[in-house]
Amino acid sequence: MSSTPTEPSEQEPLRIPVVEEQLTVGTRAVDTGRGVRIHKTVTEHPVTIDERLLREELRIEHVPIDRIVGAGDAPGHRHEGDTLVVPVLEEVLVVERKVRIKEELHITRVRHEERHVETVPLKAERVEIERFDEAGDSGA
């Protein structure tokens, strides 16, 4: 085509070009980064615990009995509720030998409840990730 317009001659028909654009679409793999950097931090924060603790102790009471029993009739230990009763025996000389219960031990289990408060440290971790682009710059 020339820049000067020319009138078509009578012998030559007028021609108009028709143009069509076409599009080709595709994909390609692109390396978006060179790696990552991970930052991990550990923090501690105090936590208070408040628990009840049980503690047992034994209370021993000497109970005088002073009773004479036969040698084959000596009593053994027994339970009276929460109390263990243990007879303490001794031989005494009289005209005949007899067993006398001198005393009993009354052993009672006593429970005490007390409060226990303590502060203990707990740890927590936090993680930060830093990525790198192709140029080596970090894009945080």
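The values are calculated or read from the model by the stated rules, or taken from the named source; none is laboratory data. The shown structure was predicted, so the numbers you read here are calculated from the model rather than taken from an experiment. Every residue, glycine among them, receives a Cβ derived from its backbone with ideal geometry; neighbour counts consider all protein chains shown. The protein model used for the area step is the full one, side chains on, heavy atoms only, and it has no ligands, DNA or RNA in it. Shrake-Rupley method; radii C 1.70, N 1.55, O 1.52, S 1.80 Å.
Quick one: order H45, H106 from most to least accessible surface, probe 1.4 Å. List each step's numbers first, then the result.
Details: H45 90, H106 40 Å².
Highest to lowest solvent-accessible surface, that is H45, H106.
On a 1.4 Å probe surface of the protein chains, which of K102, K123, K40 comes out largest in accessible area, and what is the full order?
Details: K102 95, K123 150, K40 125 Å².
Largest accessible area first, the residues go K123, K40, K102.
Rounded to the nearest 20 Debye, what is the dipole magnitude of the chain about its Cα centre when Lys and Arg each give +1 and Asp and Glu each give -1 at the C-beta? Walk me through the numbers before you get to the answer.
Working: 20 positive and 30 negative charges, 226 e Å.
Dipole of the chain, to the nearest 20 debye: 1080 debye.
Any chance you could list P(r) for the range 12-68, counting all Cα-Cα pairs in 5 angstrom bins from zero, rounded to whole %?
That works out to 4, 5, 5, 6, 5, 6, 5, 5, 5, 5, 4, 4, 4, 4, 4, 3, 4, 3, 3, 3, 2, 2, 2, 1, 1, 1, 1, 1, 1, 1, 0, 0, in percent per bin.
Please calculate how many Å² of accessible area the chain carries per residue, with a 1.4 Å probe and no DNA, RNA or ligand atoms counted. Working shown, then result.
Numbers: 12950 Å² over 140 residues.
Per residue, the chain has an accessible area of 93 Å².
If you keep only loop residues by DSSP, which GluC sites (Glu not before Pro) in the range 5-90 have at most 16 other Cβ atoms within 10 Å of their Cβ? Could you put the intermediate results ahead of the total?
Numbers: sites: E10, E20, E21, E44, E51, E56, E57, E61, E80, E90; in loops: E10, E20, E21.
Loop-located and lightly packed - E10, E20, E21.
How long are the three semi-axes of the equivalent ellipsoid of the chain, in whole Å, if each is the root of 5 times an eigenvalue of the C-alpha gyration tensor, listed from largest down?
Details: eigenvalues 2594, 77, 36 Å².
Calculated on Cα positions only, the semi-axes equal 114, 20, 13 Å.
Figure the gain on full extension for V85 and E130 (residue separation times 0.36 nm, minus the Cα-Cα span) and round it to one decimal in nm. Can you show the working numbers first?
Details: separation 45, 0.36 × 45 = 16.20 nm, distance 7.45 nm.
Result for the pair: 8.8 nm of gain on full extension.
Compare E114, E12, E96 in a GNM of the chain, Cα atoms joined below 10 Å, and give the one with the largest fluctuation.
E12
In terms of solvent-accessible area of protein heavy atoms at a 1.4 angstrom probe, what is the ranking of I107, I60, I49, highest value first?
Working: I107 35, I60 105, I49 65 Å².
Ranking I107, I60, I49 by accessible area, largest first, yields I60, I49, I107.
Can you figure out the FRET efficiency of A74 with L53, using R₀ = 41 Å and their beta-carbon distance, to the nearest 0.05? Could the numbers behind the result be given before it?
Numbers: r = 41 Å, r/R0 = 1.00.
E between A74 and L53, to the nearest 0.05, is 0.50.
Over the chain, with a Gaussian network built from C-alpha contacts below 10 Å, which listed residue (P121, P13, P64) shows the highest mean-square fluctuation?
Comparing P121, P13, P64 in a Gaussian network model of the chain, the most mobile one is P13.
Under a 10 Å cutoff between Cα atoms, tell me which one of A74, A29, A124 has the largest fluctuation in the Gaussian network model of the chain.
Sorting by GNM fluctuation, first place goes to A29.
Under a cut-off of 12 Å between alpha-carbon atoms, report the aspartates and glutamates in cross-link reach of K40, not counting same-chain residues fewer than 8 places apart.
E125, E128, E130
Note down the accessible area of V25, probe 1.4 Å, to the nearest 10 Å².
120
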